[in-house]
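Chemist: Here's a structure for you.
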Amino acid sequence: MRREEIEPALRAALEASLAFQGSLDTARVGASAEAPSPGPLPEAGVGAAEALAELVRRAEGRAVASAGPRYFHYVVGGVTGASLAADWFASALDQVASSATGSPLAVDLEEAATRWLAELFDLDPDAWTGVCTTGATTASLVGLGAARQWWGERLGVDVAEEGLSGLPRPVVLTSGFVHASVIKSLAMLGLGRACCERLSSDNRGTLDLEALERRLVSMEGEPAIVVATAGEVNSGRFDPLEAIADLCDRYGAWLHVDAAFGLFARVAPGVADLARGMERADSIAADAHKWLNVPYDSGFALVRQRSLMAKTFRLVAAYLPPSSAGGPPPRVPANLGPECSRRARALPIFAALLSEGRAGVRAMVEGHLQLADHLRDLVAAAPDLELVDETRLNVVPFRFAPAGVRRRDLDELNRSLGQRVLEDGRVFVGTTRYRSVICMRPAIANWRTRMEDVDLLVHVIRELGARVLEEPRSAPSGSPRP
Ligand SMILES: *Cc1c(COP(=O)(O)O)cnc(C)c1O
């Protein structure tokens, strides 16, 4: 480890990063090359310059262009100049973002960035405590951790101190929109995956609002946790947040909203109605690495009752600042979320918001909504494509459904086609099962994405779809494949 190594290593990283970013608009999206064997741990090191060079060599063909404009898989944003550079700078500063003692800078900016996020989403910044997390999964862990504490207190138990033993199984009520990460959070919190009751009324997963009310009535005043989804991953649909908030008010339930990307509907007046009612939640989970286009990994939680977060995540050690000494709450983000040591994740968020302002974020989101509309138009106009749902946000579920193919063969056809699209690499899009069929679910969330990228997506799917159709089947048609 030598001081002289830092500058050449950083310059090499800059050069390689510029080359990679510069290639994103035209590069093949998927990974292609074979992975070289890592070999045994070297006894003697090669030094920073050679290590960097090897890393860059390994990235070639093995790094997915998920930061590029034709990556429509999952819901993935790219990186912007401001967010990427700030993320690097955060690494260079290498702050201990656990407390204001560890890094006044990191905590100042975490408080500023989470306040700005609240303002961006038209949420009262004084009413919420924000904390940066690795993503929406950990943000839900934070929100549901606070909910668990609330629930225990309603039953006379301080869960953070006493644990869950002796308590009844909690009741967590959701629609079929609920994301896997919420279920994972329930498991991590010891509440159990099985406590989640999905109350849906159709094959979309739409909330059965009457069933929700009946279930809350049946609780007879016992506390329930309701998890609403703002932006379902297959469709971008929203649970009816205002109606849910009304019920939560009436029956005294906790409302957690998983708004990983749907929170951004609140910056675009054309779709903000979808997200109305979110301001009445008790906790909100969201991502910055999706629609804000901050590098992975970055999310945030907003919780109304700071004291519940602090009880759940309190970190007590003789060498750390006391977590409750009267007076203003100590500035210790490590007391508000799961990590003890944590990086300064707020820096790229702060830089992104400063760089773009409200208007810049709004313009990007509205641009993506227009592109999603364009995609819906292209699908509607193509005789061999079929929209699987009419939706309004940035996710467009559709499938290849050419005339002459039996409906029951379409799932297999779309599954094969989805695999083919990934191998082809010009565009990247995932398949899913939604409304009981296999379909593509492109999401548009990268600032680089343009109309021609969306055009290419449709072109590639139709071209490869036609090719898959021409191929001889490996099993007699109509008989299920193994
Ligand atoms: C992406 C997503 C999550 C999980 O977020 P991570 O950042 O991957 O932890 C949760 N909920 C919804 C609706 C999502 O889209």
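Chemist: Rounded to the nearest 500 deg cm²/dmol, what is the calculated helix-only ellipticity per residue at 222 nm for the chain, with -39500 (n - 2.57) per DSSP H run of length n ≥ 4?
Modeler: Values: 13 runs with 192 residues, N = 482.
Estimated from H runs of four or more residues: -13000 deg cm²/dmol.
Chemist: Mean separation of Cα pairs under 8 Å and 6+ residues apart, divided by the residue count of the range 23-119: what relative contact order is that in percent?
Modeler: 25 percent
Chemist: Now for a different question. Can you report the principal axis dimensions of the chain using only the alpha carbons, biggest first, rounded to whole angstrom?
Modeler: For the chain, the Cα spread along each principal axis is 72, 68, 46 Å.
Chemist: Kirkwood Rh over alpha-carbon pairs of the range 110-203, then Stokes-Einstein at 37 °C and 0.692 mPa s: what D in µm² s⁻¹, rounded to an integer?
Modeler: My calculation gives 220 µm²/s for D.
Chemist: Which order do I461, I6, I438 fall in if you start with the one that has the fewest other Cβ atoms within 10 Å?
Modeler: Placing the least packed residue first, the sequence is I6, I438, I461.
Chemist: Let me ask another. Evaluate the distance, in nm, between pseudo-label points positioned 7 Å from the Cα of R435 and of E242 along their respective Cα→Cβ axes.
Modeler: 2.5 nm
Chemist: Something else now. Just want to confirm a number: the relative contact order over the chain, from Cα pairs under 8 angstrom separated by 6+ residues, in percent.
Modeler: On the way: 888 pairs, mean separation 103.0, N = 482.
That works out to 21 percent.
Chemist: Further, regarding this structure: Please say if the range 356-418 is rounded, prolate or oblate, where rounded means a/c under 1.5 for a ≥ b ≥ c the square roots of the C-alpha gyration tensor eigenvalues, and otherwise the choice is prolate for a/b larger than b/c and oblate otherwise?
Modeler: Since a/c reaches 1.5 and a/b is larger than b/c, the shape of the range 356-418 is classed as prolate.
Chemist: Turning to a different aspect of this structure: Take the Cβ-Cβ distance between L10 and K184 as r, set R0 to 51 Å, and report the resulting FRET efficiency rounded to the nearest 0.05.
Modeler: 0.90
Chemist: What does the extension gain come out to for R407 and Y319, with contour length at 0.36 nm per residue minus their alpha carbon separation?
Modeler: 25.1 nm
Chemist: Then there's this: With the cut-off at 1.5 for a/c, could you classify the range 242-381 from its C-alpha gyration tensor as rounded, prolate or oblate? Provide the component values of the computation, followed by the final result.
Modeler: Details: a/c = 2.86, a/b = 1.57, b/c = 1.82.
Here the range 242-381 falls in the oblate category.
Chemist: Between rounded, prolate and oblate, where does the range 7-156 land on the alpha carbon gyration tensor, with a ≥ b ≥ c its root eigenvalues, rounded for a/c under 1.5, else prolate if a/b exceeds b/c?
Modeler: prolate
Chemist: Specify the longest stretch of the chain that does not include any exposed loop site, a site being one of the GluC sites (Glu not before Pro) with a non-H, G, I, E, B DSSP assignment and at most 14 other Cβ atoms within 10 Å.
Modeler: 221-389
Chemist: Then there is this: Run through the DSSP bridge list for the chain and note the antiparallel percent, rounded to the nearest 5.
Modeler: Antiparallel bridges make up about 60 percent of those DSSP assigns within the chain.
Chemist: Something else now. Rounded to the nearest Å, what's the spacing between the alpha carbon centres of the range 389-408 and the range 1-38? Just the number, please.
Modeler: Cα centres, the range 389-408 to the range 1-38: 38 Å.
Chemist: Right, another one. Apply 1/(1 + (r/R0)^6) to the Cβ-Cβ distance of D373 and A27, taking R0 = 30 Å, and write down the FRET efficiency to the nearest 0.05. Don't skip to the answer; put the middle values down first.
Modeler: Details: r = 27 Å, r/R0 = 0.89.
Here the calculated transfer efficiency is 0.65.
Chemist: With the Cα gyration tensor of the range 339-477 in hand, convert its eigenvalues to equivalent ellipsoid semi-axes via √(5λ) and list them largest first in whole Å.
Modeler: Details: eigenvalues 239, 62, 35 Å².
Largest first, the range 339-477 gives 35, 18, 13 Å.
Chemist: Here's a follow-up. Could you work out the relative contact order of the range 333-482? I mean the mean sequence separation of Cα pairs under 8 Å and 6+ apart, divided by the number of residues, in percent.
Modeler: Over the range 333-482, the number comes to 21 percent.
Chemist: With labels modelled as points extended 7 Å from the Cα through the Cβ direction, what inter-label distance (nm, one decimal) is found for A194 paired with A53?
Modeler: 5.9 nm
We did not get these values from a lab; they are worked out from the coordinates using the rules stated. Keep in mind it's a predicted model, so treat the numbers as computed, not measured. We place every Cβ from the backbone using ideal geometry, glycine too, and count neighbours over all the protein chains shown.
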